[in-house]
Amino acid sequence: LGLNPLSLIEWSLLGYVIAAILSITTFSRPRAWNYSVHTVCAVSSGIALGSSIWALVTGRSFEAAMPLLSIPLPKSVLYLDTLSAFIIMVVSLVSLYTSIFAVGYVDHYYGKRGRLAAMGLNYSLFLASMILVALAGDAVLFIIAWEIMSITSFFLVLTEHERPDVRRAAFVYMVYASISVVFIAIAFGIGYYYTHTFVFIDWSKMRIPAVAASAMFVLFFIGFSSKAGIVPLHSWLPQAHPAAPSHVSALLSGVMVKLAMYGLIRTSLYALAPWVGGWWAAVVLAFGALSAFYGIAYATIQRDVKKLLAYSTIENIGIISLGIGAALAGASAHIPLLTVLGLAAALFHILNHALSKSQLFLCSGALLHQLHTRNLEEMGGLVNRLRATAIAFLVAALGISGMPFFNCFASEWLTYNSLLQTIFPTAVNDAARFLAMIGFITLAAAGALAVYCFTKAFGAAFLGAPRSREAEEARPEPRSMKASYVLPTILIAGIGLFPALVACPLATSLAHSMGMALSPLATPGLGMLVVLWRRPSLYIPIVVAAFTAAIGFIAWARSLARTVVARRTIPFISGVEYDQSLAPSSTLYAGDALDTMASFYGVRKVYRHEYAVRFWTSRRAVVERWPIEFGVRVLRALGMSDDEIRRLTETADDFLQIVIHVAGKRAIERAAHAVSKVDQKIYGAFYAIARAVTAAARAVDRMDRGIYGGMRGIARGFAAWARGVRKIQIGSIYVYLVYIYIALILILIYYVVVR
Amino acid sequence: MYGWIRVGEDVGWMVVNACIILAVAPLVEGFVRKLAARIQGRIGPPLVQPYRDLKKLFARRVLTAPTTASDALYRLGPVAVFATVLCACSLVPTVVSRPLALSSFILVFYLLALTRFVSSITALNVPNPFSAISASREHMLSLGVEPAALFAAAIAMLITGSTSIGSEIPALPSALLIHGAAYILALVAFSLAMIADLALPPFDVAEAEQEIYEGPLAEYGGPYLALLKLSIACKRVAMMSLFIAIFIPFGIATSVSWWIGPSIAIYLAKLFAVATAATMICVASARLRVWDASRYLLLSVAISILAGIIYILRVV
C-alpha cells in the first residue's frame, strides 16, 4: 500500500476538503452541518496527529512530489521531517479539541445559514492550509498555503461582520498579513535568484552570498514577525483574535502564529543555516525580549478577557523568539549543542503555549457563550456555575504563567538555560550575549507579570461575587465544551510533571535531523536538558515530594475542613461598614500596575495618596463597576437622546473611549459633577472617575497608533503618488501613441549610443 | 543513567532542608522582633514567642468564615500556600550542599512564584478589597525582585562556571581575579532584591498591618492563620538561605562527613548575621510606598545588568 506518515497526512488533508464540501452542502440543516463538519474535522485532525507522531517516532524525513503543482513547476515537494512533523502534531492536536468544542459553541450562529456555510468552509480549509504550510518544501507551495491560511482566517475573523469593530479588526489583520507575504515572497525571490530552485529545503547545500543571505534573513524576519505578532508589528493580534469566534481564536492564537515561528526557524536555521551571522541572533533576541515584556504588560491591564489572552500570546511569541535567538547564536558560533538546546526550548514552548492558550481561549469562549460578554468586570463568582470551565481555566492559567508542575515551566526553564548558555561562551558575538542577558532579565520580569495577569483573569472571572445579572444566572456549559477540556488539561499537567519525556526525545531527533553525529543527551554541558534526562535530581524528587506533600496536606486539610463554621462574617475593612461596591474588581487588582508603570503605559498617575486606601478602593470599585452606567449618565447629562446612546452602547468596542471621544475630558468632568450631585450615595467619587476613566482610556497600545498610523501614512503617500501618475494617463489614444513614439525613439538612442 | 539511590538521597536531603527551615523560621522571626525591640529601647517578646503564637493558633477551632465564592478554595488556599513554600524550602541547601544544583535556582524562584499565584487566588476568593490590594502589591514587588535576583544568581553561576553549590569554592578565588567586580555587583544586586523580598519594613508594603491589615490574613483565623504566618516566616528564611548558599557558601558541607556538625553552626551563624543586617535596615526606615519600592527595585535590576555587562566585557 505504500503507507507512510506523509501519505497519511495527505489523506487527512483530503478529509478537511471533504469537511469543506460537507459544509456547503449541509448548511441548510444547521444541526447536521454542525455535527458532520466538526466530526470530519476532528477525525482528520486525529489522523494527522497520529501520523505526525508516527513520523516523529521513526525520526526519518519523508519527501513526496506535490501532484497538483508539478505541471507548472519543475519541482514541487511535500517534505516531512522532525521539525515539520512536530509543528503538524501541534496543529492537529489543537484542532482536534477545538473541533469538539465548536460543536457546542457554534449553535448561536444557527439562525444565519449563509454564515454557517462560510464558517465551516473556511474553518476546514484553514486547518488544512496550516498543515500544508508545515509540509511545503518549496517556496511556491509555501506561499500558496500561506495565502490560503491568511484568507480563510481573515474570513473567520470576519464571521460577525455586522459589528464595525470586527470589520476594522479584520481589515487591520489583512493589512499585516499582506505585509507579511510581501516580505516573505521577496526573500524567496532572492533565494531563487541565487540557487535557481524554489525548493528551499535544498538551499543549505547551495551557494548564496553571505550578504544576500543576511538580506533574506531580514526580509524573512519582518515577514514572519508581522504574521506572528512580534512587537512592533503586533497590533493586529489583540484586535483580530478577540473578534473571531472563540474556537477560531484558540486556533489563531494557539497555532497559526506558531506557523510564522515555524517559518522563521525553517528559513533561518535550516535553509540559510550555513550563513547565520551573530547579529541575526541579536536581532531576534532583541525583538523577542521586547515582545515578551510589552505583551504581558498590556495583557495585565486588559478588561476584555480575549484581548488579555491575545496580548499574552504576544508575550509567549517573544519567549519562543528568545529560544530561536539562542539557537541562532549557537549556529553562528558553531556550537551545535546550543543550537539544539535553543531550538528544543522554542519548539517545546510552541507546544506548551499552544496547549495552554487554546484551552484558555476555549474557556473564554464558554464564558462568552454563557454570559454574552467578554468583559471581566461583568463576570465574577462563576466557579460555582461553570465548574468545569473554572477548573480548565485554572489549570491552563497555571500552565501559561510558567508555574512549576505545569507545562510552560519546563520550556521556559529550557529557554532560561539556553540564554545562559548564550551568555557564557566567548565565541558568541558580544551583541548577542548582551541581548541574551536582556532577554533573561525580561523573561524573569515577564514571568512575574504573567502570574499577576492570570491571577487577575481567574480571580475576576471565577471568584468574588457575580457582578452582573448574566453572571448570576449563568447556566452550565454544554457537554461538548466539557469534553474538549479533557485532553489539554491532562496534557498540561502531564507535560508539567514529566517534561523530560517530551523534551529529550525532541532534542535528540532535532540533533539527528540537523545532521549532528552526537547525541545531545550523552554530552555534558547541555545545561538543563542533561539535568532533566541524566540527572533528574530536580524533577523526580520534586514530583515525589510534591505528591507526598499534597497527599499529606490534603489529608490534613480534610481534618481542618471538618471544623464547623458557625457564623458567616462580613469582610473586615478597618471597621467601616461593608457594602457590595467595596468588593475587589479586576481593575482594582491591576491598578498597581497602572500606577507603578504609569509612564510605560503613557497614563497620568491619578492616585497619589496611597494612605487613603479605603477611599481609594471605593473609588476604584465604583469606576469599574458601572462604567457603562456612568457613561450613559454622562451622555445623558450632555443632552444625548436615549436612542443615540443605545446605538453607541451596542456598537462600540470600548464604550468609554467613545464617551470620552464624544464628550471630551472637560465636559466629562463637568458632567460628572452634575451627576454626582444627583447621586448622593457615591458623591465625590465621580470626579475621580472622570479622571480615572480618561487615564484608563489613554492606556491604549501606543505602538498600535505609532506603527499602524505610520503605515497608513505610507499608504496615503502611495495613493497620492498613484493620483500623480494618473495625470499622465489622459485616456486618449493619441497621447498614448505619442508615449509609444517617444519610448521607441529613446530605445533607438540607447542602442545608437551604447552599442 | 542517574541512579535511584541518588534520587532517594536527594529526597532525603529535601526533607532535611525543609525540616531545618521549618524549625528555624519562627526562631528567626523571634530574633528579628527581639533585636528590633532592643534597638528601639524596648524589652521585646521572648525569642520563642512565635512558637507560642503558632501553638495557640493551631489549637484554635475555626468558627467563623467570610462569605466566599468557593469554600473549598478558602480552606485549601492556606494549605496550598504552605505546601508550595515548603517545596521551595526543600530545594534550598542549608547545612549540606544538596539537592540544589546551582543552575536550578530558577526553580526555587518559580516555586515561590507558584506560592504567589496560590496566595493571590486565595486573596481574591474573599470579598475583601484589602486582600486584593495586598496581592497586587506583592506582584508589583516581585516584578522587581525576580529579574534582579534571578540574573544576579545567574551571573554568580556563570562566573564560577559550576553547577553545584559548594563545589565552586575552590574555583572561586581564581574566578574572582577575572570577574571580581561583576561578582560583587551581582552580590549587591541579589542582596538588595532579597531584602525587598523578606516582607520586613521598609518593604512590607504587601503585608502592611497598620494600613491594609495584612491583606488576606485579615480574613483567616486559627490554624489557617498559623499556616499563613508560618509560610511567610519560612519564605523569609528560604530567601536568606538561598543568598547564603549562592554567595557566601564557605564552610558548607559537600558530603556526609564529620563536617556536618560545624556546618550547622556555620549556617546558623550566617543566617543570624543576615537576619541582623535585615533588622538594622528594618528598624532604621519607615515603610516605602509601592512605587517607591518599585523604583528601589529598579535600581537592583540596573545593578544586576551592570554586573552582566562587566561580565561580558571582562572588565576586571
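The values are calculated or read from the model by the stated rules, or taken from the named source; none is laboratory data. Only a predicted model underlies this, so the values are computations on that prediction, with no experimental measurement involved. Neighbour counts are summed over all protein chains in view; Cβ atoms, including those assigned to glycine, are modelled from backbone coordinates with ideal geometry. Quick note on the areas: whole protein, heavy atoms, side chains included, nothing else; ligands and nucleic acids left out. Shrake-Rupley method; radii C 1.70, N 1.55, O 1.52, S 1.80 Å.
Conditions (1) under 23 Å from A:ALA331 (Cβ atoms); (2) touching a Cys at 6+ places or on another chain (Cβ under 7 Å); (3) modelled with pLDDT of 80 or more, marked per residue:
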residue	(1), (2), (3)
A:LEU463	no, no, yes
A:THR523	yes, no, no
A:ILE540	no, no, no
A:PHE547	no, no, no
A:ILE551	no, no, no
Q: Could you pull out the residue among A:LEU382, A:LEU347, A:LEU386 that is among the aliphatic types (A, V, I, L, M) and within 24 Å of A:ILE314 (Cα to Cα)?
A: A:LEU347
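From the residues in region B:249-275 that are of a type in the set (Val, Ile, Thr) and more than 15 Å from the chain's Cα centre (by Cα), which one is farthest from B:ALA199 (Cα to Cα)? Quick ask: steps written out before the conclusion?
Step one: of region B:249-275, the residues of a type in the set (Val, Ile, Thr) are B:252, B:254, B:256, B:260, B:264, B:266, B:274.
With more than 15 Å from the chain's Cα centre (by Cα) added as a condition, the list becomes B:252, B:254, B:256, B:260, B:264, B:266.
Numbers: B:ILE252: 27, B:THR254: 31, B:VAL256: 34, B:ILE260: 30, B:ILE264: 25, B:ILE266: 25 Å.
Only one residue fits best here, namely B:VAL256.
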**Q.** Filtered residues of region A:405-426 (kept if more than 22 Å from the chain's Cα centre (by Cα), open to solvent by less than 10 Å² (accessible area, probe 1.4 Å) and at the interface with chain B (Cβ under 8 Å from one of its Cβ atoms))
**A.** A:ASN417, A:LEU420, A:ILE423
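Kindly check whether there is at least one residue in region B:12-21 that is more than 14 Å from chain A (Cβ to nearest Cβ) and modelled with pLDDT under 95. Explain how you work it out, then say what you get.
Pass one, region B:12-21, residues more than 14 Å from chain A (Cβ to nearest Cβ): B:20.
Checking the rest, the ones that are also modelled with pLDDT under 95 come to B:20.
The answer is yes, given that some residue of region B:12-21 is more than 14 Å from chain A (Cβ to nearest Cβ) and modelled with pLDDT under 95.
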**Q.** Hits in region A:1-34 (condition: in a helix (DSSP H, G or I), surrounded by fewer than 22 Cβ atoms within 10 Å (Cβ to Cβ) and hydroxyl-bearing (Ser, Thr, Tyr))
**A.** A:SER7, A:THR25, A:THR26
Q: Go through the residues of region A:251-262 one by one and say whether even a single one is open to solvent by 10 Å² or more (accessible area, probe 1.4 Å) and either under 30 Å from B:MET140 (Cα atoms) or of a type outside the set (Asp, Glu) (or both).
A: no
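So, restricting to helices (runs of 4 or more DSSP H) that lie completely within region B:207-286, which ones have at least 2 residues that are surrounded by fewer than 17 Cβ atoms within 10 Å (Cβ to Cβ)?
Values: elements: B:209-212, B:222-247, B:260-284.
Filter on region B:207-286 gives B:209-212, B:260-284.
Tell me, yes or no, whether region A:442-458 has at least one residue that is more than 26 Å from B:ILE133 (Cα to Cα) and more than 9 Å from chain B (Cβ to nearest Cβ).
Looking only at region A:442-458, we keep the residues that are more than 26 Å from B:ILE133 (Cα to Cα), and these are none.
The answer is no, given that none of the residues of region A:442-458 is more than 26 Å from B:ILE133 (Cα to Cα) and more than 9 Å from chain B (Cβ to nearest Cβ).
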Q.
Quick check on my filter: what residues within region A:427-441 are open to solvent by 10 Å² or more (accessible area, probe 1.4 Å) and at the interface with chain B (Cβ under 8 Å from one of its Cβ atoms)?
A. A:ASP430, A:PHE434, A:ILE438, A:ILE441
Q | helices (runs of 4 or more DSSP H) contained in region B:51-161 and holding at least 3 residues open to solvent by less than 10 Å² (accessible area, probe 1.4 Å) and within 7 Å of chain A (Cβ to nearest Cβ) | A | B:105-125, B:129-160
Q. Tell me, which residue of region A:346-390 that is small (Gly, Ala, Ser) and outside any helix (DSSP H, G or I) is farthest from the chain's Cα centre (by Cα)?
A. A:GLY381
Q) B:TYR296: outside any loop (DSSP other than H, G, I, E, B), more than 10 Å from chain A (Cβ to nearest Cβ) and farther than 26 Å from B:PRO93 by Cα, yes or no? A) yes
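Quick check, is A:ARG387 surrounded by fewer than 24 Cβ atoms within 10 Å (Cβ to Cβ), charged (D, E, K, R) and modelled with pLDDT of 90 or more?
Working: surrounded by fewer than 24 Cβ atoms within 10 Å (Cβ to Cβ): yes; charged (D, E, K, R): yes; modelled with pLDDT of 90 or more: yes.
It is true that A:ARG387 is surrounded by fewer than 24 Cβ atoms within 10 Å (Cβ to Cβ), charged (D, E, K, R) and modelled with pLDDT of 90 or more.
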Q: Consider A:VAL106 carefully, then state whether it is at pLDDT 95 or above, buried (at least 24 other Cβ atoms within 10 Å of the Cβ) and assigned to a helix (DSSP H, G or I).
A: no
Q: Go through region A:114-150 and count every residue that is in contact with a strand residue (DSSP E or B) (Cβ under 6 Å, 6 or more places away or on another chain) and small (Gly, Ala, Ser).
A: 2
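Would it be correct to say that A:ILE400 is of a type in the set (Val, Ile, Thr), facing chain B (nearest Cβ under 10 Å) and either open to solvent by less than 10 Å² (accessible area, probe 1.4 Å) or more than 17 Å from the chain's Cα centre (by Cα) (or both)? Even if it seems obvious, please write down each step before you answer.
Details: of a type in the set (Val, Ile, Thr): yes; facing chain B (nearest Cβ under 10 Å): no; either open to solvent by less than 10 Å² (accessible area, probe 1.4 Å) or more than 17 Å from the chain's Cα centre (by Cα) (or both): yes.
It is false that A:ILE400 is of a type in the set (Val, Ile, Thr), facing chain B (nearest Cβ under 10 Å) and either open to solvent by less than 10 Å² (accessible area, probe 1.4 Å) or more than 17 Å from the chain's Cα centre (by Cα) (or both).
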Q | Scan of region A:461-470 for residues that are in a helix (DSSP H, G or I), crowded, with 23+ Cβ neighbours inside 10 Å and more than 8 Å from chain B (Cβ to nearest Cβ), ordered by number | A | A:ALA461
Q.
Filter region A:82-100 down to the residues that are over 19 Å from the mean Cα position of the chain (by Cα) and open to solvent by less than 10 Å² (accessible area, probe 1.4 Å) and list them by number.
A. A:THR82, A:LEU83, A:SER84, A:ALA85
Q: With respect to B:LEU91, determine if the residue is within 19 Å of B:VAL16 (Cβ to Cβ) and without any contact (Cβ under 8 Å) to a residue 60 or more places away in the chain.
A: no
Q. Condition test on B:ILE5, is it modelled with pLDDT under 80 and either open to solvent by less than 30 Å² (accessible area, probe 1.4 Å) or in a helix (DSSP H, G or I) (or both)?
A. yes
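Just checking, does region A:434-445 include any residue being assigned to a loop (DSSP other than H, G, I, E, B) and within 26 Å of the chain's Cα centre (by Cα)?
Within region A:434-445, not a single residue is assigned to a loop (DSSP other than H, G, I, E, B) and within 26 Å of the chain's Cα centre (by Cα).
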